Amino acid sequence: MSLQQHRAEFPYLAGKAYFNYGGQGTMPRSAIAALQDANIRFQELGPFSSAANSWIVQEGNLTRAAIAKELGTTADTITLTEDVSVGCNIALWGIDWQAGDHILLTDCEHQGIVAAVQELQRRFDLKVSVCPLLETLNSGDPSAIVEQFLQPNTRLFVVSHILWNTGQVLPLQEMVEICHARSVQVLVDAAQSVGVLPLNLTELNADFYAFTGHKWWCGAAGVGALYVRPEARETLHPTFIGWRSVITDASGQPTRFQPDGRVFEIATSAIPLYPALREAIAFHQPFAEARYGMICDRSAYLWQRLKALPSVQCLKTSAPASGLVSFQLENGKHPQLVQYLEARNFFLRVILNPNCVRACVHYFTTEEEIDALAHAIEEFL
């Protein structure tokens with residue numbers, strides 16, 4: 001299949017130029033069909049029948065296996081969740097915190113994660129500090145800064161693999177090694193890295209890696225996952241508990257927790273989302289080896305086109321190594337620009353910190369779309 005044919009399998013890209021994959025991807029035809037078929041199948045089986053229950057278990061097993069294969073790990077390390085925030089909260093609330101423990105954040109984390117850490121700080125009398133990684137966007141050593149900000153009582157470092165606001169790709173494996181040498185665990189917000197970077201979570205060695213299927217994988221909203229490193233699983237306790245978390249005896253009473261990633265799953269989920277996610281993952285396979293390079297090529301092209309516009313400044317002084325391209329206008333009219341563009345079927349978003357506009361390109365974004373976007377921004381200016 002050519003890239004043009006491949007792109008044509010996204011029926012709802014017609015008539016629009018979509019640059020919001022970092023927020024939510026559009027779904028390919030096969031994933032939409034899988035979602036519809038699964039909803040029908042569930043109703044045919046009888047939603048609360050033994051056949052439906054067997055189907056639910058099978059769908060969970062197949063989906064964990066598909067995710068694990070894509071990310072270089074094993075199915076037992078994967079917990080199915082709803083989204084990145086749920087995955088991060090499983091890790092954040094599952095640690096046995098003691099008063100005075102320290103959490104280190106970066107200054108580029110999503111507000112949902114920052115708010116969760118603030119609530120942990122309030123409830124357990126924790127110490128929280130922030131290391132300044134935003135300043136390393138164009139120069140500097142982010143790993144050295146992390147090492148500098150670790151404290152003797154640091155229990156957890158919370159970081160994004162790709163920063164959601166600037167598109168910077170952090171040297172995560174190096175950071176993990178630094179933290180592990182100090183007995184500090186690492187929680188990774190992987191919202192912008194899964195589906196973009198070539199990943200092997202076993203080699204990466206982060207303790208907790210939370211991600212979603214609805215962004216760069218282009219799956220349906222409402223299903224994601226959390227990877228827990230096998231050595232870290234025993235240090236994490238389940239906060240939310242449901243029938244999927246436990247093993248029961250002959251009388252239906254819980255006797256112990258599941259021995260793998262299922263221990264952090266809860267109860268009823270939208271199971272038809274699972275085959276839709278698997279179809280979305282499979283859809284990208286023809287371009288699996290080339291995908292990241294193609295994303296970087298398109299990102300560089302967009303960066304060059306924006307850099308050439310008067311009154312536009314890209315945050316990065318070199319082409320981004322991800323699909324996120326953030327830029328600022330001299331007049332600061334970022335919300336007005338996004339509204340102007342959306343009225344013309346160009347879809348971007350505003351980021352508040354740093355104050356900028358973010359455009360996202362995928363491997364199937366075309367140069368024609370990028371040229372048209374640059375022209376529309378120039379007209380606005």
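The values are calculated or read from the model by the stated rules, or taken from the named source; none is laboratory data. Since the model is a prediction, treat every value here as computed from it, not as a measurement. Positions of Cβ are backbone-derived with ideal geometry, glycine not excepted, and every protein chain shown enters the neighbour counts. Ligands, DNA and RNA are excluded from the accessible area calculation, which covers all protein heavy atoms including side chains. Shrake-Rupley method; radii C 1.70, N 1.55, O 1.52, S 1.80 Å.
The conditions are (1) under 24 Å from PRO171 (Cα atoms); (2) hydrophobic (A, V, I, L, M, F, W, C); (3) out of contact with any strand residue (DSSP E or B) (no Cβ under 6 Å at 6 or more places or on another chain), and VAL325 fails exactly one of them. Which is it?
Single failed check for VAL325: (3).
Looking for whichever is part of a helix (DSSP H, G or I) and of a type in the set (Ser, Thr, Tyr) here; the options are SER139, SER143. Which one fits?
Values: SER139 fails: part of a helix (DSSP H, G or I).
None of the others qualify; the one that does is SER143.
Name the residue that is most open to solvent (accessible area, probe 1.4 Å), counting only residues in the stretch 28-48 that are within 22 Å of GLY222 (Cβ to Cβ) and in a loop (DSSP other than H, G, I, E, B).
PHE48
Restricting the stretch 312-327 to residues that are of a type outside the set (A, V, I, L, M) and more than 24 Å from the chain's Cα centre (by Cα), which is farthest from SER139 (Cα to Cα)?
To start, the set of residues in the stretch 312-327 that are of a type outside the set (A, V, I, L, M) comprises 313-314, 316-318, 320, 322-323, 326-327.
Imposing the further condition that a residue be more than 24 Å from the chain's Cα centre (by Cα) reduces the set to 313, 317.
On the way: GLN313: 17, THR317: 10 Å.
The selected residue is GLN313.
For the stretch 295-302, indicate whether the set of residues that are in contact with a Pro (Cβ under 7 Å, 6 or more places away or on another chain) and either of a type in the set (S, T, N, Q) or closer than 30 Å to ALA66 by Cβ (or both) is non-empty. Walk me through it before giving the result.
As a first pass, look at the stretch 295-302 and keep what is in contact with a Pro (Cβ under 7 Å, 6 or more places away or on another chain): 299.
Subset that is either of a type in the set (S, T, N, Q) or closer than 30 Å to ALA66 by Cβ (or both): 299.
For the stretch 295-302, residues in contact with a Pro (Cβ under 7 Å, 6 or more places away or on another chain) and either of a type in the set (S, T, N, Q) or closer than 30 Å to ALA66 by Cβ (or both): present.
Looking only at the stretch 287-295, decide whether some residue is open to solvent by 50 Å² or more (accessible area, probe 1.4 Å), without any contact (Cβ under 8 Å) to a residue 40 or more places away in the chain and in a helix (DSSP H, G or I).
So far as the stretch 287-295 goes, no, none of its residues is open to solvent by 50 Å² or more (accessible area, probe 1.4 Å), without any contact (Cβ under 8 Å) to a residue 40 or more places away in the chain and in a helix (DSSP H, G or I).
What is the number of the single condition among (1) in contact with an Asp or Glu (Cβ under 8 Å, 6 or more places away or on another chain); (2) surrounded by fewer than 20 Cβ atoms within 10 Å (Cβ to Cβ); (3) not charged (D, E, K, R) that ALA17 does not meet?
It fails just one condition, (2).
Is at least one residue of the stretch 156-167 hydroxyl-bearing (Ser, Thr, Tyr), over 25 Å from PHE264 (Cβ atoms), out of contact with any Asp or Glu (no Cβ under 7 Å at 6 or more places or on another chain) and free of Cβ contacts under 8 Å to residues at least 60 places away in the same chain?
Going residue by residue through the stretch 156-167, those that are hydroxyl-bearing (Ser, Thr, Tyr) are 160, 166.
With the extra rule that they be over 25 Å from PHE264 (Cβ atoms), the set shrinks to 166.
Those left that are additionally out of contact with any Asp or Glu (no Cβ under 7 Å at 6 or more places or on another chain): 166.
After this cut, where a residue has to be free of Cβ contacts under 8 Å to residues at least 60 places away in the same chain as well, the list is none.
So far as the stretch 156-167 goes, no, none of its residues is hydroxyl-bearing (Ser, Thr, Tyr), over 25 Å from PHE264 (Cβ atoms), out of contact with any Asp or Glu (no Cβ under 7 Å at 6 or more places or on another chain) and free of Cβ contacts under 8 Å to residues at least 60 places away in the same chain.
Step by step: first the residues of the stretch 297-310, then only those that are part of a helix (DSSP H, G or I) and open to solvent by less than 50 Å² (accessible area, probe 1.4 Å), then the one that is nearest to GLY22 (Cα to Cα). Which residue is that?
Here is the first cut: in the stretch 297-310, the residues part of a helix (DSSP H, G or I) are 297-307.
Now drop any that are not open to solvent by less than 50 Å² (accessible area, probe 1.4 Å), which leaves 298-300, 302-303, 306.
Values: ARG298: 15, SER299: 13, ALA300: 17, LEU302: 15, TRP303: 16, LEU306: 19 Å.
Per the stated criteria, the residue is SER299.
Considering only the stretch 130-147, I want to know if a residue exists there that is open to solvent by 20 Å² or more (accessible area, probe 1.4 Å), more than 18 Å from ASN353 (Cα to Cα), touching a His at 6+ places or on another chain (Cβ under 6 Å) and of a type outside the set (Phe, Trp, Tyr).
For the stretch 130-147, residues open to solvent by 20 Å² or more (accessible area, probe 1.4 Å), more than 18 Å from ASN353 (Cα to Cα), touching a His at 6+ places or on another chain (Cβ under 6 Å) and of a type outside the set (Phe, Trp, Tyr): absent.
For a quick check of your reading: which strands (runs of 3 or more DSSP E) sit entirely within the stretch 202-266 and have at least 1 residues that are farther than 27 Å from GLN98 by Cα, open to solvent by 70 Å² or more (accessible area, probe 1.4 Å) and touching a strand residue (DSSP E or B) at 6+ places or on another chain (Cβ under 9 Å)? Can you show your working first?
Working: elements: 208-212, 224-228, 246-248, 254-257.
Those strands (runs of 3 or more DSSP E) span 246-248, 254-257.
Filter the stretch 117-129 for residues that are crowded, with 18+ Cβ neighbours inside 10 Å and under 29 Å from PHE327 (Cα atoms) and give the result.
Just the residues of the stretch 117-129 that are crowded, with 18+ Cβ neighbours inside 10 Å, to begin with: 117, 120, 126.
Hit for the stretch 117-129 is VAL117, nothing else.
Return yes or no: is ILE271 under 15 Å from GLU82 (Cβ atoms), open to solvent by 50 Å² or more (accessible area, probe 1.4 Å) and either part of a helix (DSSP H, G or I) or not small (Gly, Ala, Ser) (or both)?
Values: under 15 Å from GLU82 (Cβ atoms): yes; open to solvent by 50 Å² or more (accessible area, probe 1.4 Å): no; either part of a helix (DSSP H, G or I) or not small (Gly, Ala, Ser) (or both): yes.
For ILE271, the condition - under 15 Å from GLU82 (Cβ atoms), open to solvent by 50 Å² or more (accessible area, probe 1.4 Å) and either part of a helix (DSSP H, G or I) or not small (Gly, Ala, Ser) (or both) - is not met.
Identify the single condition in (1) open to solvent by less than 30 Å² (accessible area, probe 1.4 Å); (2) touching a Leu at 6+ places or on another chain (Cβ under 9 Å); (3) under 19 Å from ARG278 (Cβ atoms) that GLY25 does not satisfy, given that it satisfies every other one.
So GLY25 meets the others, but not (2).
For the stretch 56-113, how many residues are part of a helix (DSSP H, G or I) and not basic (Lys, Arg)? Spell out how you get there, then give the answer.
First pass over the stretch 56-113, keeping only residues part of a helix (DSSP H, G or I): 56-70, 75-77, 84-94, 111-113.
Those still in the list that are not basic (Lys, Arg) too: 56-63, 65-68, 70, 75-77, 84-94, 111-113.
Looking only at that region, the number is 30.
Which numbered condition in (1) in contact (Cβ under 8 Å) with a residue 60 or more places away in the chain; (2) touching a Leu at 6+ places or on another chain (Cβ under 9 Å); (3) closer than 28 Å to PRO152 by Cα is the only one that THR79 fails?
(3)
Among the candidates ALA52, ALA75, ALA99, ALA91, which residue alone is within 18 Å of the chain's Cα centre (by Cα) and closer than 28 Å to ILE241 by Cα? Spell out the reasoning first.
Numbers: ALA52 fails: within 18 Å of the chain's Cα centre (by Cα); ALA75 fails: within 18 Å of the chain's Cα centre (by Cα); ALA99 fails: within 18 Å of the chain's Cα centre (by Cα).
Result: ALA91 is the single residue among ALA52, ALA75, ALA99, ALA91 that is within 18 Å of the chain's Cα centre (by Cα) and closer than 28 Å to ILE241 by Cα.
Tally the residues that are among the hydroxyl-bearing types (Ser, Thr, Tyr) and closer than 23 Å to PHE42 by Cβ, restricting the search to the stretch 241-270. Can you show your working first?
Looking only at the stretch 241-270, we keep the residues that are among the hydroxyl-bearing types (Ser, Thr, Tyr), and these are 245, 248, 251, 255, 268-269.
Then keep just the ones that are closer than 23 Å to PHE42 by Cβ; that gives 245, 268-269.
Matching residues across the stretch 241-270 total 3.
Applying the selection to the stretch 178-201, what residues are closer than 16 Å to LEU156 by Cβ and in a helix (DSSP H, G or I)?
ILE178, CYS179, HIS180, ALA181
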